[in-house]
Structure formats: C-alpha cells, structure tokens
1. Take B:P175 and decide whether it is crowded, with 24+ Cβ neighbours inside 10 Å and part of a loop (DSSP other than H, G, I, E, B).
2. Which one of these does B:D208 not meet: (1) open to solvent by less than 20 Å² (accessible area, probe 1.4 Å); (2) at pLDDT 85 or above; (3) not β-branched (V, I, T)?
3. Given the residues A:G143, A:G196, A:G217, which is the only one that is modelled with pLDDT of 90 or more, crowded, with 24+ Cβ neighbours inside 10 Å and away from chain B (no Cβ under 14 Å)?
4. Can you work out which of the residues in segment B:37-89 that are open to solvent by 10 Å² or more (accessible area, probe 1.4 Å) and among the polar types (S, T, N, Q) is modelled with the lowest pLDDT?
5. For segment C:207-235, give me each residue that is more than 18 Å from C:C136 (Cα to Cα), small (G, A, S) and at pLDDT 85 or above.
6. Among the residues of segment B:90-110 satisfying the criterion of being more than 17 Å from the chain's Cα centre (by Cα) and more than 7 Å from chain A (Cβ to nearest Cβ), which is surrounded by the most Cβ atoms within 10 Å (Cβ to Cβ)?
7. Could you check segment C:84-177 for helices (runs of 4 or more DSSP H) lying wholly inside it with 3 or more residues that are more than 21 Å from A:L22 (Cα to Cα) and open to solvent by 30 Å² or more (accessible area, probe 1.4 Å)?
Amino acid sequence: MTTSTLNRPQLIWRALVLPAALVVLWSLLDAFGALNGDIIVSPLQVLKTSYEGFADGSIPGATIATLLRALVGWTIGASIGLAFGVLIGLSGVARGLFDPSIASLRQIALFAWIPLLSAWFGNGEVMKITLIALGAFFPMALGAQAGCQNVPAPFREVGRVLELDRRATLTKIVFPAAIPSILAGLELSLNIAWLGTFGAEYLIGTGYINGMGDGLGAYLAAAREYARMDQVLLGVLFLALIGVALDRLVIGFSRRLIPWRMP
Amino acid sequence: MADALTLSRPKTVEVGSVQISDVSKTFRVEGRTVHALDDVSLAIASGEFISIVGPSGCGKSTLLRFLAGLDGPDSGRIAVDGEVIDRPSLKRGIVFQDHRLLPWFSVEKNIALSLHSLAGSEAEKRERVQYLIDLVGLSGFEKALPHELSGGMSQRAAIARGLAPRPPLLLLDEPLGALDSLTRSYLQDELLAIWEREKSTVVMVTHDVEEAIYLSDRVVVMEPRPGRIAKIFEVSGKRPRHRDDPDFVTIRREITDLLAHRRD
Amino acid sequence: MSDVTFKSSIAIAETPFDRVADKGLQGLLASAPRLPGWLGKVALGLVVPFALLALWSYAVHQEWLAEQILPDPRLVYETTADLIATGQLPGELLVSLGRVAAGLAVGGGLGLLFGLAFGLFRPLDIYVAPTVRAICLVPSLGWLPFFMLVFGIGEALKIILIAKTCFLPLMVSAYEGIRSRPRKYDDVARALELPWLARVRLVVWPSILPAILTGVRQALSRGWKVLILVEMISSAAGLGYLMMWGRKAFQLDVVFATMIVIGIVGWALDYALTRFQHRATGWSFKTAA
C-alpha cells in the first residue's frame with residue numbers, strides 16, 4: 001500500500017471507515033439488546049429526536065438564543081478589548097499602567113467570575129452578557145496589543161526613513177502589520193464568547209445557581225436532568241457544529257481581508 | 001519635512017556631498033565591548049559613486065545607518081552639505097538588502113509612500129511614480145503585491161522607492177546581495193544608467209569586490225576590530241568597464257589581497 | 001492536521017537578541033518613553049490596582065452597595081488570611097491541584113501517545129486520526145453533560161473531563177512536532193552513523209521537545225480552567241466548591257479570596273512551566289528569532 005500518493009477523496013474515504021464501523025457496531029449492539037437503554041441510545045433514536053427537535057422548534061430556538069447572546073456579548077467585549085489593546089500596544093505609559101492589571105485578571109478562569117457576577121447582576125441577561133463580554137475582552141485586547149507592539153523593526157525603519165508623520169505611520173505601517181494578530185484575537189474571542197455563553201447558560205440551567213433560562217446550555221442542562229441521552233448527544237453535536245462554523249466564518253473573512261503575505 | 005525637494009525638475013545645484021569626521025561607535029555584545037567604528041573620516045564629493053567593502057563586522061553597515069540617520073555615532077560628526085545628520089530624511093534615500101517593501105501595499109503604493117510626506121499635487125506624484133516604475137522596468141506590475149514579485153523585481157521596486165523623492169544622496173545597503181548572479185549583473189548596469197540620469201551621490205555597501213570596482217569612482221576598503229578604513233582605491237576608466245580589463249584585474253587583485261591579509 | 005488545531009493563545013514575542021553588531025542596534029524603541037528600571041515599572045503597574053482598591057473602599061464606606069454584595073476589602077483580606085491560617089484554603093487547593101495533576105497525567109499522557117503514533121505511523125494517521133480529531137472538535141464544555149450522564153458526578157467525572165481537555169493540546173503538539181521537525185538533522189544523524197537509540201535520544205526527542213512543552217503549557221492552563229468549572233458544578237471539595245459555597249452563603253469575601261487564589265495559582269503554574277521551557281529548550285527561542 002503506497003499511502004503517500006493518496007489524493008483528497010481517497011483520504012476522506014479512509015477517514016470515514018472507522019466512524020462507519022463504530023456506528024454499525026453501535027446499531028448492532030442495540031439491535032441485539034446488548035445496550036443499557038437508559039444510558040446508551042440507538043443512532044435511530046438520535047435521528048428521531050433531532051427531527052422532533054426541529055419540528056417543534058426547540059433546537060433552532062435554543063441555538064438562536066445562544067447565538068444572539070454570544071454575538072451581543074462578543075461585540076461589546078471585543079470592541080472594548082480592541083480599543084484597550086491598541087492603546088496598550090501603542091503607548092508605553094498605558095502599557096505600564098494597565099498591562100500588569102490585565103495580565104493578572106486574565107489568569108482568573110472565566111467561569112470563576114460567575115459567582116461574583118451573579119451576586120452583582122442576578123441570573124438574568126445582564127450577568128450573562130457581562131460574562132461573555134469579559135471572556136471576549138482578554139483575547140481581543142491581547143491580540144491587538146501584540147499586533148501593535150510587534151510591528152517588525154524593518155518596517156518601522158521604513159516609516160522613519162520615509163519621514164512619515166505619526167498618523168501615516170499608524171495607518172500605513174502599524175495597523176496593517178497588526179491586522180493578522182488582531183484577527184487571531186478576534187477568532188479566539190469569538191470562540192470563547194460562544195463557549196462562554198453555553199457555559200453560563202448551562203451553569204444557570206442546572207440550578208446550581210438558582211434560575212433557569214433558555215439557549216443551548218439550558219436545553220442540555222434540562223436534557224441531562226431528565227437523563228435524555230438522545231437530546232444530550234444532539235445538543236453537544238449542535239454546540240460543536242456552530243462553533244466550527246463560526247470559526248470557519250472568521251477564517252474565511254481573514255483570508256479576504258489579508259491578501260498579502262509576510263516575507 | 002523635506003518640502004524643499006522638487007519632484008519633477010532635475011536639480012541644478014551641486015548637492016549631496018558628505019563629510020564624515022572622526023566617527024566612532026562601540027557596541028556591547030555579550031558583555032564585551034566591540035569597536036564597530038574607530039575614528040573613521042571620509043569625504044564624498046557631490047555626484048560621486050562610492051562603494052564600501054570589507055568583511056562582516058567592519059562597521060560598513062553601521063556607517064551607512066549613520067548616514068541614513070537611523071542611528072548616531074558615539075562621537076564624531078557626519079554632515080551632508082554642511083548639515084549634521086540627526087534623524088532620517090527623504091534627502092537621503094536608502095535601499096535595504098531585504099527590500100523592505102511593505103507586504104500589504106502594491107508596488108505602486110509602496111513607491112508612492114515615499115512621496116507621502118512631500119509637497120506636491122497628487123497628479124504630480126502619480127506621474128513620478130509611473131516614471132519610476134517605467135525606469136526600473138516594472139511596467140505592468142503596478143498593482144502586484146510584494147509576495148508576487150521575484151527577488152530581482154522586489155529589489156527594483158525598492159530602488160524605485162529610494163529614488164522617488166529625488167534624494168541628492170542615495171544609500172545602498174548591499175542592494176543586490178540577495179540576488180542570483182545573472183539578475184545581479186543586469187541590475188548593476190541598470191543602477192549605473194539610473195545614477196547617470198539622476199546625478200545623485202551614491203554610497204553603496206557591498207560584499208562583492210568586483211561589483212564595487214565595476215560601479216564606483218572610489219572603493220573604500222574597511223577592516224574589522226576595530227572598524228577602520230584600511231585603504232581607498234581610485235577607480236579610473238570609463239564606464240561601462242570590462243571585468244577582464246588589465247586595470248580592473250590589477251585593482252581587484254590589490255583589494256582581494258588586502259582583504260585576505262586583514263582577515264586574520 | 002491542518003483542519004483541527006487547538007486555538008493557541010497569542011504570544012507577545014520577546015525582543016530577539018541582535019546577533020550582529022554590524023547591523024547596528026535597533027534604535028527604534030526610542031519612540032516609547034523609557035521608564036527608569038523595574039522599580040518604575042512596578043510603581044506604574046500598581047497605580048491601577050491601588051486606584052481600584054481605593055474606589056472599592058470608598059464605595060463600601062459610602063455604602064453604595066449592600067455589604068453582602070460588596071464586602072469591605074479589609075474583610076476580604078482578613079477572610080483570606082483566616083482561610084489560609086485554618087488550613088481550609090490550602091486543603092482545597094491541594095485537592096484541586098491533585099485533580100489537575102491526575103487529569104494531566106492521564107489525558108496528557110494519552111494525548112502524547114496518540115500524537116506520536118499518528119505522527120509516526122501513516123496508516124493510523126489515515127484511518128484513525130480523523131475520527132479522534134472530530135471527537136476533539138467538540139469542546140470539553142460540551143462533553144460535560146454527556147459525561148455527567150455516563151459517569152455521574154463523582155471524582156471520575158472531574159478527572160475524565162480534565163483528561164479530555166489535556167488530551168488535545170498534547171496530541172496536536174506531539175503530532176506537529178513529529179511532522180514538522182526539520183529532516184536535515186536526520187541526515188546529520190545518519191552521516192554520523194549514530195545507533196537507533198542514540199538517534200532518538202539525541203536527535204529526535206530534542207527536536208520535538210519544544211512543541212511538546214508548549215503543548216503541556218496549553219494543557220495545564222486549559223485543564224485548570226475546566227477544573228474550576230467542574231468543581232463549581234459538582235463537588236464537595238476544591239477551590240471551585242469553596243467559591244460556590246461562598247456564593248450560596250452570600251459570603252462574597254470568600255468568593256473574592258478564592259478568585260484571587262485561582263488567578264495566582266493559574267499564573268504561577270504557567271510561569272513555572274514557561275521558565276522550565278526556556279531552560280530546557282531555550283535554543284529553540286533563539287533560532288526562531
């Protein structure tokens with residue numbers, strides 16, 4: 001077998017062998033009644049549940065609620081993060097003032113903010129949005145800072161040699177050079193916003209902090225509460241799919257925005 | 001701001017003369033003091049093409065960075081037309097070895113960037129950019145991004161960017177160092193043609209002795225530790241020169257002998 | 001592997017050493033005002049925290065918020081000291097650290113093994129790796145409800161979730177390390193006629209170590225964050241539990257104290273590993289510069 005000459009479709013076919021085998025095994029075990037029906041459900045059951053979920057609108061509804069929440073929180077957090085990151089990246093004084101504080105606060109795991117935020121803002125939208133914005137803030141600020149701070153020295157020298165004024169140096173050298181790093185921050189912050197939304201909804205939905213709510217997190221929390229494995233699998237699948245789709249969206253957007261390549 | 005420069009008219013006054021007097025510079029490298037330049041003096045006349053050769057560490061690039069105004073000496077004085085250099089200026093164009101075209105701008109915009117801080121109408125600047133693109137033979141590549149260009153083409157664009165503000169003094173830091181030998185000798189001839197047309201003073205740092213003799217009026221040979229001028233060679237002979245000319249061969253022998261001798 | 005990689009955090013590059021004096025020093029940082037040494041830096045960095053602390057004290061003094069919601073900073077300090085003195089905080093911290101260590105050992109070890117196997121054996125890479133990567137596409141957080149149904153909410157859940165989190169960074173870094181290591185050093189080893197074991201020990205292992213250590217750092221930092229979450233949801237011990245208890249009892253001083261400890265420990269773990277990484281594979285930072 002000469003594996004080195006495989007083309008893309010061949011690779012995809014080979015990649016699908018194992019999952020297909022697993023699904024077949026899963027179905028067979030189910031057919032012979034070898035599975036504990038409470039915990040392991042059949043593939044058919046998952047399909048049926050997803051059909052029902054779409055028919056009664058519970059899955060699309062939950063997804064949209066989560067997505068909207070993530071986008072609102074992300075917009076707020078990422079904009080503030082961008083402004084802060086650029087400021088810290090450009091000004092030495094601002095860096096000295098804020099960098100240590102931001103670096104320390106960043107170390108606190110996002111979900112560790114929940115008890116505090118829920119005490120201050122309750123369990124409603126304000127708390128969730130604040131948490132998501134907080135999560136989106138740090139990667140965006142870090143990306144913008146790194147981008148503005150790490151402009152390659154040769155490019156800065158070009159700006160000096162060409163006698164560019166401060167404004168032209170920023171718009172023609174610093175910001176273009178920072179764009180890749182800013183986009184990386186954007187991608188990471190969107191990812192964190194999406195997961196943070198889910199986590200907040202789930203945590204509140206489990207009733208560990210009083211309250212319920214809507215969204216994919218709450219859907220999954222309820223599914224787990226009633227031990228509906230089919231719904232759990234479906235929700236997890238959706239969570240992953242939307243996360244990957246968001247990611248792809250940002251990457252596609254980045255490719256369009258950056259037609260150039262660094263030397 | 002260098003608003004005194006004129007974009008469209010060739011200059012009539014003799015400018016671009018350089019006076020380097022008693023320039024010294026030391027660096028700290030891994031706890032040791034390195035004398036990059038030790039009491040270097042050199043006068044360059046207006047319109048002269050001068051090359052600096054020498055082994056690495058002899059301070060030739062440091063000297064060029066001083067001339068550009070990117071760094072300054074510890075002691076001594078460097079002046080262009082009697083004016084002491086204290087910062088970079090468009091009156092002294094520089095072309096780096098690693099072309100340093102901004103990757104996010106097209107060839108056209110990269111060249112236009114060197115006119116950004118100059119007075120003059122947009123139309124005038126556009127005309128100047130187009131003239132330079134034609135001059136360096138990049139017509140048809142105006143909209144190309146740097147990563148789409150070959151090494152030789154990038155270097156031409158970089159030369160055009162250095163020439164755009166009509167600097168009386170053009171500094172070349174191993175401008176052809178990264179190119180293959182065919183492209184290199186081709187661009188050497190172009191460089192000569194450009195120099196003859198633009199009438200600027202040129203200071204070029206290079207590793208290539210032959211290139212230095214082929215192009216220059218004078219070749220400055222430097223030696224390292226401490227960085228000093230070992231000897232200055234006058235190259236007479238009309239251009240274009242021939243590399244197998246007896247005079248050419250003699251000077252090349254002398255310079256290579258000197259370099260081999262100094263390299264301990 | 002191009003499709004599935006973990007999100008890497010953005011690094012602010014350290015200023016590379018300028019190797020050649022001939023190129024001249026990079027005099028371009030001169031545009032930013034230089035501060036007088038580390039003392040000035042520390043002083044400047046403390047301005048914002050002290051300003052916040054002052055505002056906090058003032059807010060408490062003026063009773064802008066109920067004391068339950070915004071405890072006095074002094075109370076937070078006393079509670080922290082108290083929690084440490086009674087041994088409760090160190091105790092919970094040990095529990096949490098133990099869980100992370102167990103999760104990292106299991107998940108990281110498996111990840112390393114899988115990554116190496118995928119990198120070394122092409123059939124495995126073709127038939128098995130895509131499935132494993134697809135499973136890893138589902139974030140740890142998403143697995144939480146599934147794992148809770150399957151494994152209950154006991155100790156196993158925490159270890160497994162952390163292990164799952166640590167698995168991916170190590171798998172990816174080991175795989176990338178194997179696949180992208182420069183082949184030219186293999187030729188060197190062959191030219192020197194090194195025996196197999198010496199080749200692995202002297203050439204292969206050092207060349208993938210930087211990638212693996214980066215993976216370990218990633219794994220630890222993510223594992224720590226997931227641990228806090230899972231402890232908040234289901235635990236009777238650990239920092240997350242302590243914090244949740246403080247919240248339910250409306251003792252926000254305890255919440256504050258725990259948050260501070262979580263931040264400091266997270267930072268310390270990363271800092272220690274970074275130092276270790278620099279010491280063990282410092283060469284890779286220099287050649288990259």
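1. Here the answer is yes, as B:P175 does meet what is asked.
2. (1)
3. Numbers: A:G196 fails: modelled with pLDDT of 90 or more; A:G217 fails: modelled with pLDDT of 90 or more.
Residue meeting the stated conditions: A:G143.
4. Selected residue: B:S56.
5. C:A211
6. Restricting attention to segment B:90-110, the residues satisfying the condition of being more than 17 Å from the chain's Cα centre (by Cα) are B:102-110.
Keeping just the survivors that are more than 7 Å from chain A (Cβ to nearest Cβ) gives B:105-110.
Details: B:F105: 18, B:S106: 19, B:V107: 28, B:E108: 20, B:K109: 17, B:N110: 26.
Top of the filtered list is B:V107.
7. Numbers: elements: C:88-103, C:109-120, C:122-127, C:129-137, C:140-151.
Helices (runs of 4 or more DSSP H) meeting the threshold: C:88-103, C:109-120.
Yes/no per residue for (1) open to solvent by 30 Å² or more (accessible area, probe 1.4 Å); (2) under 27 Å from A:I179 (Cα atoms); (3) out of contact with any strand residue (DSSP E or B) (no Cβ under 6 Å at 6 or more places or on another chain):
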| residue | (1), (2), (3) |
| --- | --- |
| B:H116 | yes, yes, yes |
| B:S121 | yes, no, yes |
| B:R126 | yes, no, yes |
| B:V136 | no, no, yes |
| B:S139 | yes, no, yes |
| B:A144 | no, yes, yes |
| B:M153 | yes, yes, yes |
| B:A158 | no, yes, no |
| B:A164 | no, no, yes |
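The values are calculated or read from the model by the stated rules, or taken from the named source; none is laboratory data. Because the structure is predicted, anything quoted here is derived from the model rather than measured. Backbone-built Cβ (ideal geometry, glycine too); neighbour counts: all protein chains shown. We work out accessible area using only protein heavy atoms, side chains counted, and drop any ligands, DNA or RNA first. Shrake-Rupley method; radii C 1.70, N 1.55, O 1.52, S 1.80 Å.
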